[in-house]
Amino acid sequence: MTAPDISVRNRQRKIPVNVADLEIFAGKALRRCLQLQKRKPTDLDKLHEVFVWLISDRRMASLHRKFMHQTGPTDVLTFQHGEIFISVETAKKHARAFGNSLASEICLYIAHGLLHLHGFDDRTQAATRKMKAMQKKILRDCSRDR
């Protein structure tokens, strides 16, 4: 089985991002994610394409309200049909708060979204710990490839 294609599209204008670098990271992260063992086939195994949409807080708040019934923007939303939405404005705020670069924060969200597509969740503390460990592994492995 071949890996799905992955593309990054910037749909916000407020904050400059290097889409080409993020797309290179996304491809590496996708391949790493598919190497992780899962007990059963996942959405990521079945998809032909994955889209990463970089959007504004305003657009994210709208999606968050419509699909999660929660107010305000969030950092990342993943839809099982292969779309990962990332709020660049929220990523910038979080990057500043956690002492990360904007690019590394967005890469974290890409890895997070891909793990959701690969069957991981963060609904319990144990599942969250496992997912965070997998995110770290993907980020570490992909940064070694640079």
**Complete:** Residue set L114, L139, L77; condition part of a helix (DSSP H, G or I), within 15 Å of V8 (Cα to Cα), in contact (Cβ under 8 Å) with a residue 12 or more places away in the chain and not acidic (D, E); output residue L114
**Message:** Can you find, within the range 28-42, the residue that is farthest from A111 (Cα to Cα) among those that are of a type outside the set (A, V, I, L, M, F, W, C) and buried (at least 17 other Cβ atoms within 10 Å of the Cβ)?
**Reply:** T42
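Determine which member of the set S56, S62 is at negative phi, surrounded by fewer than 17 Cβ atoms within 10 Å (Cβ to Cβ), at pLDDT 90 or above and among the polar types (S, T, N, Q).
Values: S56 fails: surrounded by fewer than 17 Cβ atoms within 10 Å (Cβ to Cβ).
Exactly one residue qualifies, and that residue is S62.
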**Message:** I want to confirm something. Restricting to the range 80-93 and keeping residues that are buried (at least 17 other Cβ atoms within 10 Å of the Cβ) and more than 14 Å from the chain's Cα centre (by Cα), which single residue is farthest from K14 (Cα to Cα)?
**Reply:** K92
**Request:** Residue by residue through the range 63-74, note down the ones that are of a type in the set (A, V, I, L, M) and either in contact (Cβ under 8 Å) with a residue 12 or more places away in the chain or not in a helix (DSSP H, G or I) (or both).
**Result:** L63
**Request:** Just need a number here: residues in the range 21-44 that are in a helix (DSSP H, G or I) and at pLDDT below 80.
**Result:** 1
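The values are calculated or read from the model by the stated rules, or taken from the named source; none is laboratory data. As the structure is a prediction and not an experimental result, all values here were calculated from the model. Don't worry about glycine lacking a Cβ; one is built from the backbone with ideal geometry, like all the others, and counts go over all protein chains shown.
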